[in-house]
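Read through the structure below, which is laid out as structure tokens, and then see the notes.
The values are calculated or read from the model by the stated rules, or taken from the named source; none is laboratory data. Note that the structure is a prediction, hence the values are computed from the model and not measured. Cβ coordinates were reconstructed from backbone atoms using ideal geometry, including for glycine residues, and neighbour counts include every protein chain displayed. For accessibility, only protein heavy atoms count, side chains too; no ligands or nucleic acids. Shrake-Rupley method; radii C 1.70, N 1.55, O 1.52, S 1.80 Å.
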Amino acid sequence: MSWLDDRLSRAERDGASAVQWNELGMALADQRRWQRAEDCFRQAIAAGGEHAHYNLGNVLRQRYLPARDRTLLEQAVHSYRKAVVAGCLDAHQALGMALVELGEYTEEAREQLGIAARLGERWAVMGQAQLAEADGDPAEQERLLRDLLTDADPVLADCARAELGIVLRFEQRAAEAETLLAEGAERGQRHSAYQYALLLDEDPHAAARAEPAFRRAVELGEQQALLKLGRLLRRNHRSRAAVEVFAAAVAAGLPEAHAQLARAHRDLGERQEMFAALDLGMALGDAEAFFEAAEIAELEDRRAEAEQILWRALAELTDPGDLAMARVQLADEFFDAGRAAEGVELLRAGVAAGESEAVNSLGNYYSEHLGDPASAEAVYRAAVAAGDDLARYNLAHLLWAEGRLAEAESELLGLVTAGEPGAYRDLAELATARGQASEAERYRSLVPRGRR
């Protein structure tokens, strides 16, 4: 038993003060033992240690990151608010950034980031730049990001340069973006080097420069560049080189790497190696390996095996999004095989579990395959009532197709209110369809510029 586990056992047996629980939580967090750290911080708070709210928020945010479970980030926001009340100055920035990450571009987020910026917290300026993007103000976003390019924190300066490169790309200023990002790559800035490679990869005239750019990003530690580089090599019919790159991605533990490695082996006709990569990926819980194996089985008309693989995915995968995807794919297998009742039953189980993918797949099945818009509408409306924005989007387009344009507009406006300003594009198209030219132009002017 380690010294930390020994201290933890004694604290659980004999009790501990708020300070002691907080110290244990921090030590556990250093070891990335998030759940145990969370338990300790909650014990510290229960013992009167209000200062532990900030640490609890940080742990909840760390738990949120792998699966992007909004519930955990919302709990972190609650903890940060408590920490602000308790007088923790670091909590202002953490609260503002968490709200922005949730897509809540509220006055509270602006206030907290403003306080943090005045306290000298430079990462808060990144949050303010994101708010400027949400406001559709690229000039202000650019000003804030440029202010960070020479920051003393090298990670912050790199992130600001990479983000500014993205802004310039979407502003149709590709040459400026390329110059800016190339300079970052030359300086050894990892995120900028990766964005530079992505920019070159999108330009057919710069394809020859994309490969060394991705290799530079990998050299600087950007492991995601391995997957992009491997895909680039496959597109260029260099699958043998892609195998080496994807093998490195597997060694780095990247999601999707096993599936990508299998595809490269498949290009080369190496079926034994392909199945070995997929089997290892599935054994390690790589969702993409399950989906790739099922797709290959279906393409080779081994439908029973594809079904078996997807049932296994439902039994073994743990990420809610991966489970939802496996359910939808298995339902599609049933529909394609003429087993509609089983497909509907499976999707209804997903609906009951709160899976947005199942809701929208079932609604689409009713409307597009059965020609039953009333059933589709009922499915969508139930999901909308539970806060499903994708269901609201599909409902709007179902109503639009039914000629119920005023209702469709109401749902799209609901999306905007829910924090989806991209719906202004649909509102502009809808207004055009209704012959409302001035209204279409007004909506078009509200479409946010930049990434969405």
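Note on segment 1-127: percent of Cα-Cα distances in each 5 Å bin, starting at 0 and stopping at the bin with the largest distance, equals 2, 13, 20, 21, 17, 13, 8, 4, 2, 0. Computed over segment 46-94, the P(r) tail beyond 17 angstrom holds 29 percent of alpha carbon pairs.
With the simple spin-label model, which puts each label point 7 Å out from Cα in the Cβ direction, the residue 304 to residue 143 separation comes to 6.9 nm. Here segment 208-252 was treated as a single set of alpha-carbon atoms; its pair distances binned every 10 Å from 0 give 33, 60, 7 percent.
Per-residue extension of 0.36 nm, minus the Cα-Cα distance of residue 32 and residue 342, leaves a gain of 107.4 nm for this segment. When Lys and Arg each count +1 and Asp and Glu each count -1, what net charge do the other residues less than 10 Å away from residue 356, Cβ to Cβ, add up to? Charge balance in the 10 Å sphere: -4. Efficiency by 1/(1 + (r/R0)^6): what FRET value for residue 23 and residue 235, r their Cβ-Cβ distance, R0 = 51 Å, to the nearest 0.05? It comes out at approximately 0.45.
Over segment 286-393, the pair-distance histogram of Cα-Cα distances with 5 Å bins from zero comes to 2, 14, 23, 23, 19, 12, 7, 1, 0 percent, rounded to whole numbers. Between segment 1-47 and segment 64-142, the C-alpha centres lie 28 angstrom from each other.
Cβ-Cβ distance of residue 7 and residue 284, R₀ of 35 Å, FRET efficiency by 1/(1 + (r/R0)^6): the value works out to about 0.60. Note that segment 227-236 has calculated 3J(HN,Hα) couplings of 5, 5, 5, x, 5, 4, 5, 5, 4, 8 Hz, one per residue in order, obtained from phi through the Karplus relation 6.51 cos²θ - 1.76 cosθ + 1.60 (θ = phi - 60°); glycine and proline are x. Note on residue 413 and residue 152: the extension gain reaches 89.7 nm, defined as 0.36 nm multiplied by sequence separation minus the Cα-Cα distance. Between residue 402 and residue 312, full extension at 0.36 nm per residue minus the direct alpha carbon distance yields a gain of 28.5 nm. Taken over the chain, the convex hull of the Cα atoms encloses 192 Å³ per residue. Couplings 3J(HN,Hα) of segment 198-204, computed from phi: 4, 4, 5, 5, 7, 9, x Hz, in residue order, whole Hz [Karplus 6.51 cos²θ - 1.76 cosθ + 1.60, θ = phi - 60°; x for Gly and Pro].
Highest mean packing first, where packing is the average number of other Cβ atoms within 10 Å per residue, the peptides 83-89, 2-8 line up as 83-89, 2-8. Along its principal axes, segment 107-215 has C-alpha extents of 46, 28, 16 angstrom, given from the largest down. Backbone phi angles across segment 97-111, fed through the Karplus curve with coefficients 6.51, -1.76 and 1.60 (θ = phi - 60°), yield HN-Hα couplings of 5, 5, 5, 4, 5, 6, x, 9, 8, 9, 4, 4, 4, 5, 5 Hz in residue order; Gly and Pro are listed as x. With a cut-off of 8 Å between alpha carbons and a minimum separation of six or more residues, what is the relative contact order of segment 209-356 in percent? Computed value for segment 209-356: 12 percent relative contact order. The simple spin-label model puts a point 7 Å past each Cα toward its Cβ; for residue 69 and residue 385 those points are separated by 2.7 nm.
Semi-axes of the equivalent ellipsoid of segment 116-164 are 17, 13, 8 Å, computed as sqrt(5λ) over the eigenvalues of the C-alpha gyration tensor in descending order.
Projected onto their three principal axes, the Cα atoms of segment 147-199 cover extents of 29, 20, 13 Å, largest first.
Accessible area of residue 318 (1.4 Å probe, protein heavy atoms only, ligands and nucleic acids ignored): about 120 Å².
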